[in-house]
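The values are calculated or read from the model by the stated rules, or taken from the named source; none is laboratory data. Just so it is clear, the model here is predicted, and its values are computed rather than measured. Note: ideal-geometry Cβ built from the backbone for every residue, glycine included; neighbour counts use all protein chains shown. For accessibility, only protein heavy atoms count, side chains too; no ligands or nucleic acids. Shrake-Rupley method; radii C 1.70, N 1.55, O 1.52, S 1.80 Å.
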Amino acid sequence: MGFDTAYEAISEEADTGHRWAFGTGCTDPLAGVDTTVPDGVDCADLGAYCLMLGDDALIMSHRLQQWLASAPELEEETALANIALDLLGQARLLLSRAGTADGSGRSEDDYAYGRGEREFRNVRLAEMADADFGGLIARLLVFSTWRLALLSRLRASRDPVLAAVAAQGVREVTYHRDYAARWAIRLGDGTDHSRERMRAGLAAAAPYAAELFERTHVERRLAAAGVAVDPPGLRSEFDEVLGTVLGEAGLEWADAPGLPGLGRAPGGTSAQAGSIGQAGRDGIHTESMGYLLAELQSVARAMPGATW
Amino acid sequence: MSGAGVGAQAASAAPAGAGAAEASSPELARSVAAAVPDPELPMLTVGDLGILREVAVDGDRVTVWLTPTYSGCPAVHEIRRQVSARLELAGFGEVEVRTVLSPPWSSDWITPEGRRKLAGAGVAPPRSGLDSQPAGPVPLTLREERGPAVDCPLCGSAQTVRTAAFGATACKDLYRCRDCGEPFEHVKEI
């Protein structure tokens, strides 16, 4: 089946019906898209960029899904499931777009279930395991504040697919950020115990924040072409929003130096660090990423090509 | 109904319908597609929700463009299947259901009839006109909810309070009425 635009091709289900888990019929290749990559945009770069943003959403979504049946209250469980579902939806579109943009024709499932750890391009903040609910709220606040700043700018992308995904994503992540911000205030402005949990969560997330504003070569080239968002430009909005929330919460953002994976500050343990000069966007991840992928990919690895 | 979006230009490219099939009216195709219920909000049809963007008929071939409400909305699959099945049952030979995501769906697109049906089923409809999408940074909402009060769909009171920002489906949150004491769902404004 041919498609008239890139956007249709990635959103077209072609009547395969159920594409919500490995093995349930997601075998439809995407077709006919390269023509719509905007002039002057490198297709491989565009594919790589879609993987970065798609992997952020996929991995963060998986971490949120791990809270199901573990959240403190039913309402919070529902909230975390909804946020995970929104992010999974964004990931599906972005990973599908990656396969059409880079010419590989790989599907969302190929990317999610068929890649090794070094091939994932998510920022390491997304893969962090949460020590407790306070840790989750701190990480979700940092992640959604950064992602909302990114998506709100990406709405102006010259790539119509990215612009459309961003336009929908902004509405969704607005809710995610408000949710995390309100909980941060409630916990920070709560008991000594809840404040300490929030403080510890922020301290755990802080070393992973510098990476959010690092610019890869792909992002530099695509930002110059009007397709991608330039990460360093997100810093001021991020600082302002976080400052407002944490001010209300009676908490402080401890601006930790970046982990040595970025080649900036020495120190950090080997479990955290990755190798010098590289980070999540380069496929260098923390120890927890391997465990996450082992769970995410276990069925697909055990029974390749299985359907039911 | 809102603009046709990405897919609209495609309609003219469709080949002529095959052979002897009676030319079916675009009105029929549209009414059949619009009558498909939403699996998660069964009191509403696709038409009520405003997700039916365009219907094009060429001979016995029909093409339908739908917009999902949320990026991860799982109901879209079932809606697509139902639209195809019902149009084929109505005599259309070849049915194609396409998805349009730009511009994204807004709760403002729910029709007045759809809002009445929601309220009648005990679900507070979304408030209109809160769908502002500023080009710049998105403001935080830390305490007060945006816009006017959500009226209780059971007793009509405006003395309501949101109890959870996320509900049983992506499109709803949870409220409670201070006057009649009943909890109720509300379709979120996006």
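General remarks:
- Scanning segment B:153-169 finds one or more residues that are of a type in the set (A, V, I, L, M), outside the structural domain of residue B:52 (by TED's automatic domain parsing), within 25 Å of residue A:85 (Cα to Cα) and not in a strand (DSSP E or B).
- In summary, residue A:70 fulfils each of the numbered conditions (1) closer than 20 Å to residue A:288 by Cβ; (2) open to solvent by less than 10 Å² (accessible area, probe 1.4 Å) with the single exception of condition (2).
- Taken over segment B:144-190, the criterion of being of a type in the set (Val, Ile, Thr) and within 14 Å of chain A (Cβ to nearest Cβ) is satisfied by B:161, B:163, B:169, B:187, B:190.
- Just one of the listed residues (B:121, B:170) is in contact (Cβ under 8 Å) with a residue 12 or more places away in the chain and open to solvent by 20 Å² or more (accessible area, probe 1.4 Å), and it is B:121.
- Some residue of segment B:58-67 being in contact with a Leu (Cβ under 9 Å, 6 or more places away or on another chain), of a type in the set (Phe, Trp, Tyr), buried (at least 18 other Cβ atoms within 10 Å of the Cβ) and over 28 Å from residue A:87 (Cβ atoms): no
- Conditions (1) under 29 Å from residue B:174 (Cα atoms); (2) at pLDDT below 95; number of the one not met by residue A:4: (1)
- Residue B:149 being open to solvent by 20 Å² or more (accessible area, probe 1.4 Å) and assigned to a loop (DSSP other than H, G, I, E, B): yes
- Scanning segment A:235-284 for residues that are modelled with pLDDT of 90 or more, closer than 21 Å to residue A:56 by Cβ and not in a loop (DSSP other than H, G, I, E, B) yields A:235, A:236, A:237, A:238, A:239, A:241, A:242, A:245, A:280, A:281, A:282.
- Against the list (1) outside the structural domain of residue B:30 (by TED's automatic domain parsing); (2) outside any loop (DSSP other than H, G, I, E, B), the condition residue B:84 fails is (1).
- Matching residues in segment B:173-190 - criterion: being closer than 19 Å to residue A:180 by Cα and open to solvent by 40 Å² or more (accessible area, probe 1.4 Å): B:174
- When segment A:154-176 is limited to residues that are crowded, with 22+ Cβ neighbours inside 10 Å and touching a Phe, Trp or Tyr at 6+ places or on another chain (Cβ under 7 Å), the one that is nearest to the other protein chains (Cβ to nearest Cβ) turns out to be A:164.
- Condition check for residue A:71: in a loop (DSSP other than H, G, I, E, B), within 14 Å of chain B (Cβ to nearest Cβ) and farther than 24 Å from residue A:237 by Cα: yes
- Of the residues contained in segment A:79-93, one or more are found to be open to solvent by less than 10 Å² (accessible area, probe 1.4 Å) and β-branched (Val, Ile, Thr).
- Flag not set for residue B:141, criterion: within 9 Å of another protein chain (Cβ to nearest Cβ), free of Cβ contacts under 8 Å to residues at least 24 places away in the same chain, surrounded by 13 or more Cβ atoms within 10 Å (Cβ to Cβ) and assigned to a strand (DSSP E or B).
- Qualifying residue in segment B:76-96 (condition: facing chain A (nearest Cβ under 8 Å), surrounded by fewer than 22 Cβ atoms within 10 Å (Cβ to Cβ) and within 20 Å of residue B:167 (Cα to Cα)): no
- Screening A:93, A:85 for residues that are on the phi < 0 side of the Ramachandran plot, in contact (Cβ under 8 Å) with a residue 60 or more places away in the chain and among the aliphatic types (A, V, I, L, M) leaves exactly one candidate, A:93.
- Residue in segment A:96-108 that is surrounded by 24 or more Cβ atoms within 10 Å (Cβ to Cβ), more than 11 Å from every other protein chain (Cβ to nearest Cβ) and either more than 21 Å from residue A:43 (Cα to Cα) or under 14 Å from the mean Cα position of the chain (by Cα) (or both) present: no
- One residue from A:212, A:234 being within 14 Å of chain B (Cβ to nearest Cβ) and over 20 Å from residue A:98 (Cα atoms): A:234
- Yes/no for residue B:48 being surrounded by 22 or more Cβ atoms within 10 Å (Cβ to Cβ), among the acidic types (Asp, Glu) and in a helix (DSSP H, G or I): yes
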